[in-house]
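Novice: My questions will all concern the structure given below.
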């Protein structure tokens, strides 16, 4: 977990407690008249210099890494956008070239960042809003999959969408999806990792992949979650831990979190559960959660064959023949970016890193390219097939929707039964 503050303001603030919680080592420096404060622990982030500029990052960049981005910087905005389009990671990033100040988020806003820009071109970019607010500026959150460009010459501000997706649906097997899942988990899992486990599909498919890679004793859960029989089998298969019903956020923690994140959902049952897991992780000296974010938003639309399970569903999970009709459904009501931003705030407050294996861009791309028939064959079909193929304990044929109504999800309820081929 890390955090950064970048500004061309002459005033350099003292790091706040909220900022300092997101890491263990603080570095301060000035490059190209830009003040940088970076707080870092166990991630890939830091300050990276290239021939034509430098960057400051929070989070992880898999594959070539942040140094490769720094080495390929230019003053061509389109080239930088294309460079970021190829990046696979959980990150936010500041880029400085000869002409531009640039701030960007990954496609899901896994690591949030806040911005403020004065008319004279003075700017503040920071992982935490309090460092900007302390300078009597309002902190604006940067959206997901966004690159904001500030021109040093004329002060002009432009905003760009970064990621380009291939929405063709031609792959009639899950081979590439399964390979991408295992590679995603392999890149994100280390000796400091745990997964949060329930009896559901999202956490289940991640834990199944982790176990297949040969790891044991890596999951934590609560006794009262979903199908207890399935959960017990999963916990037993990889020596997981059931957490006790304690460790709720105390009054001071609630006050601190509320000061930086005003949405009430942070104190929901899910938010409290994440806090309890983080506290437990600090006790056992683990620092990295593999989260199941994206399972509902990306791969089911909170529905199945047109049945909407609550207000979060956009089209009931009946994926169309032309994905362009509904894409990007994951950002309906800002649902994906809100979830990962909330997680970033909570885990960061406790000094815990979060990574999102189900939101790996190569995994999402591989799944997008599978056929409409495979997507709609059953609820979260690719996850079901992966766990079945690996003999992982699985609850099938029903799901309790958000309104409490039981919805049958049998294999006979497929896209042809819904006459879905006539839908777009």
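Novice: If you stretched the chain out fully between residue 179 and residue 85, how much longer would it get, using 0.36 nm times the residue separation minus the C-alpha to C-alpha distance?
Specialist: Full extension from residue 179 to residue 85 adds 31.7 nm.
Novice: Which distance in nm do the two modelled labels at residue 72 and residue 118 give, with both placed 7 Å along the Cα-to-Cβ direction?
Specialist: Using points 7 Å along Cα→Cβ, the separation is 3.6 nm.
Novice: With each label point set 7 Å from Cα along the Cα-Cβ vector, what nm distance links residue 237 and residue 64?
Specialist: With each label point 7 Å from Cα toward Cβ, the separation is 3.8 nm.
Novice: Right, next: What shape does segment 3-161 take by its C-alpha gyration tensor, where a ≥ b ≥ c are the square roots of the eigenvalues and a/c under 1.5 counts as rounded, a/b above b/c as prolate, and the rest as oblate?
Specialist: Rounded, since a/c falls under 1.5.
Novice: From Cα pairs below 8 angstrom and at least 6 apart in sequence, can you work out the relative contact order of the chain, rounded to a whole percent?
Specialist: So the answer I get is 15 percent.
Novice: What's the extension gain from residue 25 to residue 9 if we count 0.36 nm per residue and subtract their Cα-Cα distance?
Specialist: 3.5 nm
Novice: With 10 angstrom as the radius, rank 371, 110 by how many other C-beta atoms surround their C-beta, starting from the fewest.
Specialist: 371, 110
Novice: To continue, here is another question. Would you mind telling me the antiparallel percentage of the DSSP bridges in the chain, rounded to 5?
Specialist: Percentage antiparallel, nearest 5: 85.
Novice: If each residue of separation counts as 0.36 nm, what is the full-extension length gain between residue 33 and residue 311 once their alpha-carbon separation is subtracted?
Specialist: My answer for the length gained is 95.3 nm.
Novice: Answer rounded, prolate or oblate for segment 324-395, using the Cα gyration tensor with square roots of eigenvalues a ≥ b ≥ c: rounded when a/c is under 1.5, else prolate when a/b is larger than b/c, else oblate.
Specialist: Because a/c hits 1.5 or more and a/b fails to exceed b/c, segment 324-395 counts as oblate.
Novice: Also: Extending each Cα 7 Å along its Cβ direction at residue 172 and residue 154, get the distance between those two points in nm, one decimal.
Specialist: Calculated label separation equals 5.4 nm.
Novice: Right, something else. So how tilted is helix 228-237 from the main axis of the chain? Cα-based, degrees 0 to 90, rounded to 10.
Specialist: 70 degrees
Novice: Then there's this: Give the shape of segment 75-159 as rounded, prolate or oblate, defined through the alpha-carbon gyration tensor: a ≥ b ≥ c are the square roots of its eigenvalues, a/c under 1.5 means rounded, and otherwise the shape is prolate if a/b is larger than b/c and oblate if not.
Specialist: oblate
Novice: Identify which of the listed values of volume of the Cα convex hull per residue in Å³ was calculated from the structure shown: (i) 249; (ii) 138; (iii) 181.
Specialist: Checking each listed value against the structure points to (ii).
Novice: For residue 223 and residue 250, what is the calculated FRET efficiency with R₀ set at 22 Å and r taken between the beta-carbons, to the nearest 0.05?
Specialist: Calculated value: 0.50.
Novice: Using Cα pairs under 8 angstrom and six or more residues apart, how large is the relative contact order of segment 255-373, in percent? Provide the component values of the computation, followed by the final result.
Specialist: On the way: 124 pairs, mean separation 37.5, N = 119.
Normalised by residue count, the contact order of segment 255-373 is 32 percent.
Novice: How high is the relative contact order of segment 175-422, in percent, with contacts defined as C-alpha pairs under 8 Å that are six or more residues apart? Spell out each step's value before the answer.
Specialist: On the way: 365 pairs, mean separation 58.7, N = 248.
Averaging sequence separation for qualifying contacts and normalising by length gives 24 percent for segment 175-422.
Bear in mind these aren't lab numbers, they're just calculated from the coordinates by the rules spelled out. Quantities reported herein were computed from a predicted structural model and do not represent experimental measurements. Here the Cβ is made from the backbone with ideal geometry for all residues, glycine too, and neighbour counts use every protein chain on show.
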